[in-house]
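The values are calculated or read from the model by the stated rules, or taken from the named source; none is laboratory data. What you see is a predicted model, and the numbers here were worked out from it, not measured in a lab. Cβ placement follows ideal geometry from the backbone for every residue including glycine, while neighbour counts extend to all protein chains displayed.
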Amino acid sequence: MSFHLILFLAFGAVCVGGAVNLLAQRHPINSALSLIAVMAALAGEYLLLGAEFVAAVQVIVYAGAIMVLFVFVIMLLNAGVEEETKGSRIALLFGVPGVLTSSVLMVWVVLRHSVTEAVPIGALPGHPTDIAQLLFHDFLLPFEVTSVLILIAIMGAVVLASKPEATARKVG
Amino acid sequence: MGEEAKALSVGVFILVSVIKSVLVLFVLLTAVAYTVWLERKVVGHMQNRWGPTRVGPFGLLQPAADGLKFLFKEDLTPPHVYKPLFLAAPMMAVIFALTSISVIPFGNSIPIFGYNIPLQITDVNIGLLLILGVTSMGVYGVALAGWSSNNKYSLLGGLRASAQMVSYEIALGLSLVGVLIQSGSFSLRTIVDAQGGRFLGFIPRWNIFHGQFIGFFIYLMAAYAETNRIPFDLPEAETELVAGYHTEYSSMKFAMFFMAEYANMITVACVATLLFFGGWHGPLIGPPLVQAVLPVFWFLAKVFCFLFLYIWVRGTLPRFRYDQLMSFGWKFLLPLAIANLVATAIAVAW
Amino acid sequence: MVPSYVPLSYYLLLSGFLFGCGVIGFLIKRNIITIFMSIELMLNGVNLSFVAFAAHWHALAGQVFVFFVMVVAAAEAAVGLAIIIAVYRTRETLNVDQVNLLKL
């Protein structure tokens, strides 16, 4: 049991537990907190693979900004406990065995027939300078396009979330 | 540098890291307690009164008395709160406030028993990003405390505080990018090392004199807003929102919010010292033994100046209204930070 | 039986599990915000795949693409939450089953 495997299993357990908890909880705030735990554990997994810049950006952007947005909206809209819906019998009858068989099949195929080489700890060090070289030379066009996308998203969010009377007054 | 330093084996490294962590944590918690004392004294003198004087000489034992008071107070958990988050929020606030001290370097390496031990718990390549990340996570303590209290004043205070912290995080990050462009690395030790030496013979090469003057003021204002201090402390002002997000908290949990706020102040002061004021660089005078320890003294002196500035501003300025606060952050500070970044990039690329 | 190192397939299995949980959450849940969070879980699973393959093939482009996925996820979360707020203002509910006025 190498140290790498122990760390991988520890972070992996938090990921798996958080994902299952997200499905199991009925109040959205608990699901949001489990998702934050999943993202933090994923940042740990990225560090194990050597992607230090990606891990830091994951914590800053995903866990520290996007999830704050989610928590805000849950607080603002006062989202309560999810209502019980009557489940579908057919879905339960075919769904659960279907998911179980397909997942067992996929796990068996991946473990047996895919790559079994080791990924060493810190396999591909992603220094910020190397990533910046790629980002601003080879991937400059996608970078600029995504910045335009963010600009459009900002404008769209401001317009969509503003109060209806304000927009009516501006138009009329 | 006398003998060759021995390389640290794994066991020695772990032992040294544990000792460093315990020492730094102890010093940080004492510093938090005495920052409270300093604030009460300084604000008191600014308001023409004495501040604490009764407990110990100059009121120096006042933090100990406050700590005992918090321990003995009744820890009330109101029946209408959402218990799991109510208990977890102050713990989250304190954990994230204390984590960022682990990448802050206090001085150069000290040779002990033949090993060269750097005065930093860990020097990661992305030290500055780690501090930014932990600051972003600190919003959760405030937001969840406000929400779990099930109380309209707490909810409003929590929402306002977290919206304010998220807005000023952007200006904070952008003001630091100017320093990063000039230093070329995220590692805090490398940034400080790039500020050694002098130019024109007597002006030290600190980043504030070397082009980041506006960047420093943007950082200062954004940091005051991040730590919810006057003039940006509307979310926790007594006259506005009862006590904002920590209305329903008492005893140790309230003390934890208090500790988290002052620990954040100390972290901000340390980062400002490292990034803009040359960290531990200062005149090295005296015998070699003193010279090994003098950098730490310079670092602490600069951090103390920042804490005094924080307290001075608190005693002097009135607080912003919430809409003034938000428009200041988005419409003034953010464009100014971007302009600073563009100007620095052009100057470096020239 | 368990090897003492970590093969690539372990990372892929973890990524697949997260993606699968996201899909199941998207299909099962009735609260619109929880459905959104399942989408974010799916995107995170895919990010892990990208970084794992980047480490395996020593191609740094995998890590750069994670950056783009995060940017798109942020833009989508912002616009999606704004839509949710707009829907809540008119329908007063967060249950997707009750937003069915256009149904025949």
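In the set B:Leu98, B:Leu172, B:Leu176, B:Leu130, only one residue is at the interface with chain A (Cβ under 10 Å from one of its Cβ atoms) and modelled with pLDDT of 90 or more; that residue is B:Leu130.
Among what's in segment B:86-123 and is part of a loop (DSSP other than H, G, I, E, B) and touching a Leu at 6+ places or on another chain (Cβ under 6 Å), pick the residue that is surrounded by the fewest Cβ atoms within 10 Å (Cβ to Cβ). Quick ask: steps written out before the conclusion?
Just the residues of segment B:86-123 that are part of a loop (DSSP other than H, G, I, E, B), to begin with: B:104-106, B:113-114, B:120-123.
With touching a Leu at 6+ places or on another chain (Cβ under 6 Å) added as a condition, the list becomes B:105-106.
Values: B:Pro105: 25, B:Phe106: 22.
Going through the qualifying residues, I end up with B:Phe106.
Considering segment C:1-33, the residues that are assigned to a helix (DSSP H, G or I) and more than 23 Å from A:Leu100 (Cβ to Cβ) include one that is farthest from the other protein chains (Cβ to nearest Cβ), namely C:Ile32.
Okay, residues lined up against (1) aliphatic (A, V, I, L, M); (2) closer than 20 Å to A:His137 by Cβ; (3) within 7 Å of chain A (Cβ to nearest Cβ):
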site	(1), (2), (3)
C:Phe68	no, yes, yes
C:Ala74	yes, no, yes
C:Ile84	yes, no, yes
C:Arg91	no, no, no
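Taking the criterion of being of a type in the set (Ser, Thr, Tyr) and within 7 Å of chain C (Cβ to nearest Cβ), the only residue of segment A:145-158 that qualifies is A:Thr146. Being in contact with a Cys (Cβ under 9 Å, 6 or more places away or on another chain) and under 24 Å from C:Gln63 (Cβ atoms) is the requirement here; does A:Glu45 meet it? Criteria met by A:Glu45. When segment A:49-65 is filtered for residues that are more than 8 Å from chain B (Cβ to nearest Cβ), buried (at least 22 other Cβ atoms within 10 Å of the Cβ) and of a type outside the set (Gly, Ala, Ser), the ones remaining, listed by number, are A:Leu49, A:Val54, A:Gln58, A:Tyr62. Being surrounded by fewer than 16 Cβ atoms within 10 Å (Cβ to Cβ), charged (D, E, K, R) and more than 21 Å from B:Ile208 (Cα to Cα) is not true of B:Arg314.
Put simply, of A:Leu7, A:Leu23 the only residue that is more than 26 Å from C:Trp57 (Cα to Cα), away from chain B (no Cβ under 11 Å) and at pLDDT below 95 is A:Leu23.
Which members of segment A:109-144 meet the condition of being in a helix (DSSP H, G or I) and at the interface with another protein chain (Cβ under 7 Å from one of its Cβ atoms)? Passing the criteria: A:Val110, A:Leu111, A:Pro128, A:Asp130, A:Ile131, A:Leu134, A:Leu135, A:Pro142.
Please go through segment C:48-66 and give me each residue that is at the interface with chain A (Cβ under 7 Å from one of its Cβ atoms), within 26 Å of A:Thr146 (Cα to Cα) and either in contact (Cβ under 8 Å) with a residue 24 or more places away in the chain or part of a helix (DSSP H, G or I) (or both), ordered by number.
Pass one, segment C:48-66, residues at the interface with chain A (Cβ under 7 Å from one of its Cβ atoms): C:48, C:51-52, C:54-56, C:58, C:60-61, C:63-64, C:66.
From what's left, within 26 Å of A:Thr146 (Cα to Cα): C:48, C:51-52, C:54-55, C:58, C:60-61, C:63-64, C:66.
Matches in segment C:48-66: C:Leu48, C:Val51, C:Ala52, C:Ala54, C:Ala55, C:Ala61, C:Gln63, C:Val64, C:Val66.
Looking only at residues in segment B:62-86 that are within 30 Å of B:Ala269 (Cβ to Cβ) and either of a type in the set (Val, Ile, Thr) or under 24 Å from the mean Cα position of the chain (by Cα) (or both), the one that is nearest to the other protein chains (Cβ to nearest Cβ) is B:Phe70. Would you pick out the residues in segment B:130-185 that are free of Cβ contacts under 8 Å to residues at least 60 places away in the same chain and not in a helix (DSSP H, G or I)? Residue satisfying the conditions is B:Gly184 alone.
Of A:Val81, A:Val73, all but one fail to be at the interface with another protein chain (Cβ under 7 Å from one of its Cβ atoms) and either of a type outside the set (Gly, Ala, Ser) or under 16 Å from C:Asn44 (Cα atoms) (or both); the exception is A:Val73.
Evaluating B:Val81 against the criteria (1) in a helix (DSSP H, G or I); (2) within 30 Å of A:Asn30 (Cβ to Cβ); (3) touching an Asp or Glu at 6+ places or on another chain (Cβ under 8 Å) leaves one unmet condition, (1).
Annotation note: Cβ proximity below 6 Å between a residue of segment B:85-98 that is under 14 Å from B:Leu28 (Cβ atoms) and a residue that is among the aliphatic types (A, V, I, L, M) and in a helix (DSSP H, G or I) (sequence gap 6+ or interchain) occurs for B:Val94/B:Met256; B:Val94/B:Met259; B:Val94/B:Ala260; B:Phe96/B:Val134; B:Phe96/B:Met137; B:Ala97/B:Ala260; B:Ala97/B:Ala263; B:Leu98/B:Ala263.
For segment A:100-122, the count of residues that are under 30 Å from C:Asn95 (Cβ atoms), at pLDDT 80 or above and among the hydrophobic types (A, V, I, L, M, F, W, C) is nonzero. A count restricted to segment B:269-292 and to residues that are free of Cβ contacts under 8 Å to residues at least 12 places away in the same chain, among the β-branched types (Val, Ile, Thr) and in a helix (DSSP H, G or I) stands at 1. Within segment A:94-108, being of a type in the set (A, V, I, L, M, F, W, C) and facing another protein chain (nearest Cβ under 8 Å) holds for A:Val99, A:Met106, A:Val107.
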